[in-house]
Each structure stands twice: as structure tokens, then as C-alpha cells.
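The values are calculated or read from the model by the stated rules, or taken from the named source; none is laboratory data. Remember, it's a predicted structure, so these values are computed and weren't measured experimentally. Counting neighbours? That spans all protein chains shown, and the Cβs are built from the backbone with ideal geometry, glycine included.
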Amino acid sequence: MARRKRKKKASDVNPNQRPITENRKARHNFTVLDTLECGIVLTGSEVKSLRTGKVSLAEAYGRVKEDEVWLIGCDIAEYVQANRFNHEPRRPRKLLLHRREIKRFAHRAYEKGLTLVPLKMYFMEGRAKVLLGICKGRQRHDKREAMKQAEARREMRRQIYRQ
């Protein structure tokens with residue numbers, strides 16, 4: 001009898017990585033060409049809110065302004081216990097990249113008309129990180145084709161397991 005493989009989780013890849021959230025729609029709406037891990041500048045109440053998992057990357061995107069990369073539209077909910085020291089939920093947040101990474105990665109997106117999309121957010125060794133992808137938007141017919149290919153792969157796996 002064939003043994004089934006256990007599906008890998010994000011925590012299996014790196015034991016020091018604790019996931020916060022993932023932008024699952026991004027992989028459906030965009031074709032990811034390249035990815036890059038970057039740090040993010042946060043305030044104390046934002047970190048507390050991230051630890052409780054109250055964040056949304058659904059409408060977020062990256063923007064290059066004056067040789068810096070900013071995360072725009074990321075919604076980190078207010079932390080209730082922070083009361084007057086709270087943060088603004090949808091403020092622009094600076095992403096931490098080396099100059100050479102900004103030149104190579106972010107400017108490539110600007111020149112070719114591609115988009116910087118946050119794919120997931122996680123804690124790596126106690127620090128908040130964002131996996132930023134350089135993406136090309138998919139048309140409706142591209143999405144249908146991708147769904148057909150995924151269904152064909154699933155069906156082939158089912159047939160292999162049945163034998």
C-alpha cells in the first residue's frame with residue numbers, strides 16, 4: 001500500500017518562523033515572478049496586535065518612494081489595551097531592505113509595470129517579516145487556465161494514490 005505524504009506547513013520549512021497571516025488571493029490574482037523577505041518598521045501596539053493575528057494583507061501593496069519601499073494599505077487592527085498609545089490601523093509602513101535589494105527588486109517592478117504584493121507576514125526569531133513578491137496581474141482567462149492545470153495535477157495525484 002502506498003504511503004501518503006504529509007502536507008508541508010510553513011513551520012516545517014523553518015522552525016524559527018511563526019506565521020501571522022497569508023495573502024491567499026494574491027497567488028490567484030497575480031503570477032509571482034520573484035520573492036524577497038524584508039523587515040517592517042512597527043510601533044509597540046502594532047506588534048501586540050500582530051501577535052494576536054489581527055492583520056489583513058488583502059488590499060496591501062508595496063510602493064517605492066525616494067529610494068525607500070513602503071507597505072501601503074495593510075490593515076493592522078488597533079490593540080485594545082493600548083488605549084491612548086494606539087496606532088493608526090492603515091498607516092503606511094516602511095519596509096527594511098538593503099539599497100542593492102531596492103535597486104534590483106523594487107525598481108524592476110517600477111520599470112516593467114509590475115506590482116509589489118505582500119504574500120505573507122510572519123515572525124522570524126522574534127522580528128516581524130514580510131514576504132514581498134514581484135507580481136504580474138493575471139487576466140480572467142489566465143486564472144481559468146491555472147485552475148484547469150491545478151485540477152489536472154490533483155486528478156493525477158488521485159490516480160497515483162489509487163494504484
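Here is how the numbers come out for the structure above:
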read-out	value
Selected residue [surrounded by 12 or more Cβ atoms within 10 Å (Cβ to Cβ) and either at pLDDT 85 or above or farther than 30 Å from residue 141 by Cα (or both)] from 62, 53	62
Exclusive hit being surrounded by 12 or more Cβ atoms within 10 Å (Cβ to Cβ) and closer than 12 Å to residue 69 by Cα, set 93, 127	93
Contacts under 7 angstrom Cβ, first residue in the range 142-161 being more than 20 Å from residue 29 (Cβ to Cβ), partner among the hydrophobic types (A, V, I, L, M, F, W, C), 6 or more apart	161/2
Long-range neighbours under 9 Å by Cβ, at least six apart or interchain, first residue within 15 Å of residue 34 (Cβ to Cβ) within the range 92-105, second part of a helix (DSSP H, G or I)	97/105; 97/106
Number of positions in the range 96-124 that are surrounded by 15 or more Cβ atoms within 10 Å (Cβ to Cβ), at pLDDT 90 or above and not in a strand (DSSP E or B)	1
Qualifying residue in the range 24-41 (condition: under 11 Å from residue 119 (Cα atoms), free of Cβ contacts under 8 Å to residues at least 60 places away in the same chain and under 13 Å from the mean Cα position of the chain (by Cα))	yes
Filtered residues of the range 65-85 (kept if surrounded by fewer than 13 Cβ atoms within 10 Å (Cβ to Cβ) and either touching a Phe, Trp or Tyr at 6+ places or on another chain (Cβ under 7 Å) or in contact (Cβ under 8 Å) with a residue 40 or more places away in the chain (or both))	85
Search result, residues across the range 148-163 that are assigned to a helix (DSSP H, G or I) and either of a type outside the set (A, V, I, L, M, F, W, C) or closer than 16 Å to residue 32 by Cβ (or both)	148, 149, 150, 151, 153, 154, 155, 157, 158, 159, 161, 162
Residue check, residue 88 part of a loop (DSSP other than H, G, I, E, B), modelled with pLDDT under 90 and exposed (fewer than 14 other Cβ atoms within 10 Å of the Cβ)	yes
Checking residue 75 against (1) over 14 Å from residue 47 (Cα atoms); (2) within 21 Å of the chain's Cα centre (by Cα); (3) modelled with pLDDT of 85 or more, the condition it does not meet	(1)
